[in-house]
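I have placed the structure first, in the form of structure tokens, so that the comments after it can refer back to it.
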Amino acid sequence: MDFIRNARQVELDLIKGDWAIKREVVYVAQLSKQETTIKQLTGDVASLTKANGNLSADLTNTKQKLGEQTLKTNLARLEIWAMRVAVGLYIAGKIKGILP
């Protein structure tokens, strides 16, 4: 009787061991997949950090060029108004007879 009970207990222990081994295999596979994902994401982060640095440099250059262009535009507007005033004064002088 004890032999049969011990045999059943051994069989149950073996079944539990099989399930434990299967769970371990599943856990190891999940860990491996997660490690692969982490490595890929680490590479993506490095790549995106480099791209971000390049875009920051491009943004700085663009802002500088925009500032220069704005300055040139404002200077051109000022010159246009100065020429308009000069032409207006010239015409006024011609009308008044001050200029020959």
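The values are calculated or read from the model by the stated rules, or taken from the named source; none is laboratory data. Quantities reported herein were computed from a predicted structural model and do not represent experimental measurements. Cβ: placed from backbone, ideal geometry, glycine included. Neighbour counts: every protein chain shown. Surface accessibility is based on the protein's heavy atoms, side chains included, excluding ligands, DNA and RNA. Shrake-Rupley method; radii C 1.70, N 1.55, O 1.52, S 1.80 Å.
Numbers below:
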quantity	calculated
Near pairs, Cβ below 9 angstrom, 6+ apart or cross-chain, from the range 85-97 (open to solvent by less than 90 Å² (accessible area, probe 1.4 Å)) to any residue that is modelled with pLDDT of 85 or more	none
Yes/no for Leu31 being modelled with pLDDT of 95 or more, part of a helix (DSSP H, G or I) and surrounded by 10 or more Cβ atoms within 10 Å (Cβ to Cβ)	no
